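Undergrad: This is the structure I want to talk about, given as structure tokens.
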Amino acid sequence: MSTTRSTLRRRMLTLLLAGVAAVVTALGFSTPAFAVTHASAATQLRNAGIGWVSSGNCSDRNNPTCTSFEGIRQSTIDGIITFKRANGCAITITGGTETGHAGGTYSHWNGYKLDIAKTTCVYNWINSAYTYVGYISGWGYQWRAPSGNLYTDEGNHWDILYYTCGC
């Protein structure tokens, strides 16, 4: 009887751990979030047909008039590529990890956020595919994707917070 209980306990523990692993994977915690270089991010974006602009025509992370991808999380790059593939819209990034954005854990500087240009195509996709959260005082009108990522209409651009690489 002792051997049967031991075997049963091992099986129960295995099932429990498998369940926890599935939840962790589904929430996006199973893969390490790592930062990539500007060059690596730019190549991936270019290959996906995603453009970017810089009012300063530069990519220096320490210059607020530049658009930089230095230190951006790979999952953020994966997220914007997934977003473009899902909606088929033209995507133009207007802000990355450069200085000048609000701080915090889930910030541009820490590689979690991108700003993109507003277009009718992007608005229609977000409005139809995501859940409207409401007006967030000081930020703008916000929608939440099924992945948990947040899309905020800040007036002259979309601010996107990528918790995971899903759109």
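Read-outs throughout are calculated quantities, based only on the coordinates presented, and are distinct from any laboratory measurement. This one's a predicted model, so the numbers in the text were calculated from it and none came from an experiment. Here the Cβ positions follow ideal geometry from the backbone for every residue, glycine too, while neighbour counts run over all protein chains shown.
Undergrad: Please list, short to long, the whole-number percent of alpha-carbon pairs of region 62-111 in consecutive 10 angstrom bins beginning at zero.
TA: With 10 Å bins starting at 0, P(r) equals 26, 49, 25, 1.
Undergrad: So, counting K/R as plus one and D/E as minus one, what does the shell of residues with Cβ under 13 Å around ALA102 add up to?
TA: -3
Undergrad: What net charge do the residues around GLN142 carry, taking every other residue with its C-beta under 10 Å from that of GLN142, with Lys and Arg at +1 and Asp and Glu at -1?
TA: Here the count lands on -2.
Undergrad: For region 46-167, build the charge dipole from Cβ charges (+1 Lys, Arg; -1 Asp, Glu) around the Cα centre, then report which of SER75, GLY96, PRO64 sits farthest towards its positive end.
TA: Farthest along the dipole direction, towards plus: SER75.
Undergrad: Next question, about the same structure. With charges only on Cβ, +1 for K and R and -1 for D and E, what is the dipole size of region 50-134 about its Cα centre, in debye, rounded to 20?
TA: 220
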